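Everything below concerns the one structure shown next.
The values are calculated or read from the model by the stated rules, or taken from the named source; none is laboratory data. Keep in mind the model is a prediction, meaning the values are calculated, not measured. Please note: Cβ atoms are built from the backbone with ideal geometry, for glycine as well, and neighbour counts cover all protein chains shown.
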Amino acid sequence: MGDKTMTADEAVSQLESGMTLGIGGWGSRRKPMALVRALLRTGTRDLTVVSYGGPDIGMLAAAGRIRKLITAFVTLDSIPLEPHYRAARERGDLELAEIDEGMFLSGLRAAAERLPFLPVRAGIGSDVMRINPGLRTVTSPYEDGETFVAMPALRLDAALVHVNRADRLGNGQYLGPDPYFDDLFCAAAAAAYVSCERIVDTAELAKEATPQSLLLKRLAVTGVVEAPSGAHFTSCAPDYGRDEEFQRHYAATPWPEFAGRFLGAGEEAYRAAVQEWRKERIR
């Protein structure tokens, strides 16, 4: 229960090829991008990734790190379909299990509660069952006798999430409008690594906002990484919004060119490269 702080590189060094990795956030909102960039600097591959996908999936797919993706969507929000993910999918680079958003949530809940599955109505009568032939149904043992989809638990070897504030013990706080199920990602994982905009004393967490904003409990967190602007170029409200201009550049740039310029070294080099790109835009 002591100090859990570490660097992004130390956090991703705990990940191994072949793992099932959950990534928090939603679309292009509060994604743990500093941790994703650190992961891309390693040789880790053949991952099964579980995510409400955004540029985290686009980058990992473009880099050939994903063996299987479990998702409800992959979007940049203001750009409806993540282009680097689409290119990887069209090439057949990865296996895809595409499920309903509610089924995804139930799978995380089942894993967090250590259940093998949870019954859900979502998926019945839709193509979700056709394109996921491994899904099974279950009949209620009560008088109603209703048939449900038995959504299997989405058990994770590790999870990566980003929040606004955290303390050194692993308690994490979001200050924006939506928790994005990051608590369930952590609870569903054997190990959870949390990046944050700023590490604060535990007492300060209660001063920042309401108690309901204290999203992550230290018992579910393995490591804490202080990463200012660690969600860039996705949003991290209220600290900053999505960097729409840079996101458009990411979406329009061939992956080798983008990775070569922005992802070759650590976070300081990334921020410097973004600043230099910005200066070029106004020259």
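Hey, among Thr210, Thr202, which residue is of a type in the set (Val, Ile, Thr), more than 22 Å from Asp77 (Cβ to Cβ) and without any contact (Cβ under 8 Å) to a residue 24 or more places away in the chain?
Thr210
I need a count of the residues in the stretch 218-243 that are touching a strand residue (DSSP E or B) at 6+ places or on another chain (Cβ under 8 Å) and under 13 Å from Gly172 (Cα atoms).
7
Which condition number does Ala259 fail, the rest of (1) within 19 Å of Arg30 (Cβ to Cβ); (2) hydrophobic (A, V, I, L, M, F, W, C); (3) modelled with pLDDT of 95 or more; (4) part of a helix (DSSP H, G or I) being met?
The number of the failed condition is (1).
Could you please give the count of residues in the stretch 118-133 that are free of Cβ contacts under 8 Å to residues at least 12 places away in the same chain and either assigned to a loop (DSSP other than H, G, I, E, B) or over 17 Å from Ala97 (Cβ atoms) (or both)?
First, the residues of the stretch 118-133 that are free of Cβ contacts under 8 Å to residues at least 12 places away in the same chain: 125, 127, 130, 133.
Retained after the next criterion (residues that are either assigned to a loop (DSSP other than H, G, I, E, B) or over 17 Å from Ala97 (Cβ atoms) (or both)): 125, 127, 133.
Adding up the residues that qualify gives 3.
Test of understanding: among Leu15, Leu39, Leu35, which residue is crowded, with 19+ Cβ neighbours inside 10 Å, in contact with a Lys or Arg (Cβ under 8 Å, 6 or more places away or on another chain) and outside any strand (DSSP E or B)? Steps first, answer last, please.
Details: Leu15 fails: in contact with a Lys or Arg (Cβ under 8 Å, 6 or more places away or on another chain); Leu35 fails: in contact with a Lys or Arg (Cβ under 8 Å, 6 or more places away or on another chain).
Result of the check over Leu15, Leu39, Leu35: Leu39.
Can you name the residue in the stretch 18-32 that is of a type outside the set (Gly, Ala, Ser) and within 12 Å of Ile66 (Cβ to Cβ) and is also surrounded by the fewest Cβ atoms within 10 Å (Cβ to Cβ) among such residues? Let's see the steps before the verdict.
Within the stretch 18-32, the first condition is being of a type outside the set (Gly, Ala, Ser), and the residues that meet it are 19-21, 23, 26, 29-32.
Subsequent filtering for residues that are within 12 Å of Ile66 (Cβ to Cβ) retains 19-21, 23.
Numbers: Met19: 18, Thr20: 20, Leu21: 25, Ile23: 29.
Only one residue tops the list, namely Met19.
Mind listing whichever residues of the stretch 1-12 are crowded, with 19+ Cβ neighbours inside 10 Å and out of contact with any Gly (no Cβ under 7 Å at 6 or more places or on another chain)?
Listed by number, the residues that qualify are Ala8, Val12.
Mind listing whichever residues of the stretch 60-80 are without any contact (Cβ under 8 Å) to a residue 60 or more places away in the chain and more than 17 Å from Gly92 (Cβ to Cβ)?
Our first condition is that a residue be without any contact (Cβ under 8 Å) to a residue 60 or more places away in the chain; within the stretch 60-80, this holds for 60-61, 64-69, 71-75, 80.
Answer for the stretch 60-80, where residues must be without any contact (Cβ under 8 Å) to a residue 60 or more places away in the chain and more than 17 Å from Gly92 (Cβ to Cβ): Ala72, Phe73, Thr75, Pro80.
So Ile131 ticks every box in (1) surrounded by 15 or more Cβ atoms within 10 Å (Cβ to Cβ); (2) within 27 Å of Lys31 (Cβ to Cβ); (3) of a type in the set (A, V, I, L, M, F, W, C) but one. Which box is left unticked?
With respect to (1) surrounded by 15 or more Cβ atoms within 10 Å (Cβ to Cβ); (2) within 27 Å of Lys31 (Cβ to Cβ); (3) of a type in the set (A, V, I, L, M, F, W, C), Ile131 is out only on (1).
Those residues that are surrounded by 24 or more Cβ atoms within 10 Å (Cβ to Cβ), part of a strand (DSSP E or B) and charged (D, E, K, R), I need them from the stretch 42-67; list them, please.
none
Output the residues belonging to the stretch 229-253 that are over 19 Å from Pro177 (Cβ atoms) and exposed (fewer than 14 other Cβ atoms within 10 Å of the Cβ).
Selection gives Glu245, Ala252.
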